[in-house]
Structure formats: structure tokens, C-alpha cells
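Asker: This is the structure I want to talk about, given as C-alpha cells.
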Amino acid sequence: MSQILLVTGGSRGIGAAVCRRAAKEGYSVAVNFHRDLISANYVVDDITNDGGIAFTVQADVSLEADIIRMFDEVTERLGAPSGLVNSAGVGGKHMLISDFEKFELDQLMQVNVIGTMLCCREASRRMSTQFGGSGGSIVNVSSMASTIGGRPGNSAYAASKAAVDAFTVGFAKEIGTQGIRVNAVRPGVTLTDMTSTVRDNENVRKNIESTIAMQRTADADEIAVPILWCLSDEASFISGCRLDASGGGFVTDASTSGK
């Protein structure tokens, strides 16, 4: 029987790369999406055409009721998940602190922080040996922005990911005796739809790349690899880790809007 993996934000970007790679490694995959059913179907078609098992599950991770329904649907269709990747996230509006808007901050924190926490809650209720589960592994997708406070105009996004980092460590300690490992992977700038201002503007991209030790950005599959490793049994003694997938990290700052 294959392992069962739920990937939030699985229709695009890093989440989609995780789904495709996980399926190749034998996971049955639940591909969560919020609005983009077409992209989610592309991911599922790629997996099933290659002989894998996958299906789409719609949910807005900013809504508790949607999160509960999503986990119930995955459990009903595939069984209790043995893995969870919290990849759903928003970049938020580019705002200097003097221009902060409460609505934008609420949305950012609701998705990136509270949504991640509630997904972890639902996973723990199904995975934990304390509740009759068989254990499992959780990976929260954070960001290198959490380590530097973000680039100018992105401090709120950085704060949301710093909260994910702190929560990951605390959750790993709390759940350590219940068969669940919890880790975070912190990508550097990765070319996805969320970083389209970097991906689609050569000048911005070169400016960002000049701040990275390896002098380049990542592609989504380069982030999916360490995420899958953290999920796997090869990482059996790794929990509470914040793994940087950063191309060597920042060597200087840049005054652009890239995450």
C-alpha cells in the first residue's frame, strides 16, 4: 500500500513539483487547489498518465471549514494521510510598513500562518499514534525571507514565514513521541507564479541573483527534492529542522520585491 500525501497549494509552483515527484516515488497524492482547477487537473493528468494515483481536492486554506472538509475527503478517498506538505501560501501586497493595510495583513497571516497551523492540527488528529494513527511526516514550506526580515516592502511576508518556522519547531517538540516528524524547508527565490515579478523581468531577476551566493535563482523541482527527502524514511531522525534550500544564502540585500 502506497503512502498517502496531501499537498496544499499543489496545483502550481513548488507544490505542483512536489506532487509530481512524490507520485514518481510511489505516493498516492491529493492535489489541493483553491481556484485554479485547470492547473490542478494538469498535475493530476501528468501523474495518472504516468501510472500514478492522484486526485484534486478543492479547499481555501484560509477557511477552517474548508480545511476540515479537505482532510475528510482525502481520508475517505485514499485513507488517512501519512504525509502533509503545507505549500499553499500568498506573497501578500508589496507594502512599506508605513503603508500597511489591515485587510492585507489579515489575509496574509490567515493563509500563511493560521492555515498552516490548522492543516497541521487536522493532520495530527489523523496521524498521531495518540489518536490511533500510524504516524507520519509533515513539511511546512517557509522562506529564506524569514531569516532576514524580507526585502524592502516584504517584511509582513517575512514575518508570516518566521511564524511558520517557530511553529514548526514547537510542533515537532510537542508531537515527537506520537510518531510524527515536522520540518520546514526554507526556499530561496524560486521562479514560480508567486515570484512572477522576478521571473518575468530580466533586470529584476539579475538584481536578485546578485544577492545569492550561487548567483542564480532556483526552479521548483530543486525545492521539491529536499521536501521529499524530509518526508522520507531517510530523514527518520530529522524533526524540528529548518532546512535552507537557498543557493548558499544571501550575500547582500536588494531593493526589489522578490521573495
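Asker: Can you tell me how segment 1-138 classifies by the Cα gyration tensor, rounded, prolate or oblate, using a/c under 1.5 as the rounded cut?
Answerer: On the way: a/c = 2.36, a/b = 1.43, b/c = 1.65.
Oblate, because a/c is 1.5 or more while a/b does not exceed b/c.
Asker: With charges set only on the Cβ (+1 for Lys and Arg, -1 for Asp and Glu), what does the dipole of the chain come to about its Cα centre, in debye to the nearest 20? Don't skip to the end; give the middle numbers.
Answerer: Working: 23 positive and 29 negative charges, 82 e Å.
Value, rounded to 20: 400 debye.
Asker: When ranked by the protection proxy of mean other Cβ atoms within 10 Å per residue, highest first, what sequence do the peptides 35-42, 64-71 form? Display every interim value, and only then the final one.
Answerer: Working: 35-42: 14.9, 64-71: 17.2.
By packing density, highest mean first, the sequence is 64-71, 35-42.
Asker: Identify which of the listed values of P(r) over Cα pairs in 10 Å bins from 0, in percent was calculated from the structure shown: (1) 7, 29, 33, 19, 8, 3, 1, 0; (2) 7, 25, 24, 18, 16, 8, 2, 0; (3) 8, 33, 37, 19, 4, 0.
Answerer: (3)
Asker: At 1.4 Å probe size, what's the solvent-accessible area of residue 103? Round to the nearest 10 Å².
Answerer: 130
Asker: In terms of solvent-accessible area of protein heavy atoms at a 1.4 angstrom probe, what is the ranking of 24, 161, highest value first?
Answerer: Details: 24 155, 161 10 Å².
Listed by decreasing accessible area, they come as 24, 161.
Asker: Find how much the distance from residue 213 to residue 107 grows on full extension, using 0.36 nm per residue of separation minus their present alpha carbon separation; answer in nm with one decimal.
Answerer: 34.9 nm
Asker: Quick check for me: using +1 on Lys/Arg Cβ and -1 on Asp/Glu Cβ, what's the dipole size of segment 109-213 about its Cα centre, in debye to the nearest 20?
Answerer: Numbers: 11 positive and 7 negative charges, 42 e Å.
Dipole of segment 109-213, to the nearest 20 debye: 200 debye.
Asker: Okay, moving on. Ignoring everything except DSSP H segments at least 4 long, calculate the 222 nm mean residue ellipticity for the chain; use -39,500 (n - 2.57) per segment, divide by total residues, nearest 500.
Answerer: Numbers: 10 runs with 108 residues, N = 259.
Computed mean residue ellipticity for the chain: -12500 deg cm²/dmol.
Asker: Also: Among rounded, prolate and oblate, which fits segment 126-246 when a ≥ b ≥ c are the square roots of the eigenvalues of its C-alpha gyration tensor, a/c under 1.5 means rounded, and a/b larger than b/c means prolate?
Answerer: Details: a/c = 2.88, a/b = 2.08, b/c = 1.39.
Since a/c reaches 1.5 and a/b is larger than b/c, the shape of segment 126-246 is classed as prolate.
Asker: Something else now. List, in order, the whole-Hz ³J(HN,Hα) value for each residue of segment 237-245 obtained from phi through the Karplus relation with A = 6.51, B = -1.76, C = 1.60 and θ = phi - 60°; use x for Gly and Pro.
Answerer: For segment 237-245, the Karplus-derived couplings read 10, 9, 8, x, 8, 10, 8, 8, 10 Hz, x marking Gly and Pro.
Asker: Now for a separate question. Positive end of the dipole of segment 11-69, charges at C-beta (+1 Lys, Arg; -1 Asp, Glu), about the Cα centre: which of 58, 17, 39 has its Cα farthest in that direction?
Answerer: Of the listed residues, the answer is 17.
Asker: Remind me, relative contact order of the chain in percent, using alpha carbon pairs under 8 angstrom and six or more residues apart?
Answerer: Details: 544 pairs, mean separation 48.7, N = 259.
Reported as a whole number, the value is 19 percent.
Asker: Between residue 129 and residue 94, how many nm apart are label points set 7 Å from Cα along the C-beta direction?
Answerer: Once both label points are built, they end up 4.9 nm from each other.
Asker: Skipping prolines and chain starts, which residues have an amide H placed within reach, meaning under 5 Å, of the one on residue 56, given they are 5 or more residues away or on another chain?
Answerer: Those qualifying (amide H under 5 Å, at least 5 residues apart or on another chain) are 31.
Asker: Continuing with the same structure: Enumerate the calculated ³J(HN,Hα) couplings along segment 89-104 in order (Karplus 6.51 cos²θ - 1.76 cosθ + 1.60, θ = phi - 60°), each rounded to whole Hz, writing x wherever the residue is Gly or Pro.
Answerer: Coupling constants for segment 89-104: x, 10, x, x, 6, 5, 9, 5, 4, 5, 10, 3, 10, 4, 4, 5 Hz.
Asker: Further question: In whole Hz, what ³J(HN,Hα) sequence does segment 33-40 give by Karplus (6.51, -1.76, 1.60; θ = phi - 60°), x for Gly and Pro?
Answerer: Ordered by residue, 3J(HN,Hα) equals 9, 9, 10, 8, 5, 4, 5, 4 Hz.
Asker: Between rounded, prolate and oblate, where does segment 1-78 land on the alpha carbon gyration tensor, with a ≥ b ≥ c its root eigenvalues, rounded for a/c under 1.5, else prolate if a/b exceeds b/c? Kindly include the intermediate steps, with their values, before the conclusion.
Answerer: Working: a/c = 2.00, a/b = 1.33, b/c = 1.51.
Taking the square roots of the gyration eigenvalues as a ≥ b ≥ c, segment 1-78 is oblate.
Asker: What number, in percent, do you get for the relative contact order of segment 60-211 if the mean sequence gap of Cα pairs under 8 Å and at least 6 apart is divided by its residue count?
Answerer: On the way: 210 pairs, mean separation 35.4, N = 152.
Once divided by the residue count of segment 60-211, the mean separation gives 23 percent.
The values are calculated or read from the model by the stated rules, or taken from the named source; none is laboratory data. Everything numeric in this text was worked out from a predicted model, so none of it was measured. Cβ atoms come from the backbone with ideal geometry, glycine included; neighbour counts cover every protein chain shown. The area values use the complete protein model at the heavy-atom level, side chains included, leaving out ligands, DNA and RNA. Shrake-Rupley method; radii C 1.70, N 1.55, O 1.52, S 1.80 Å.
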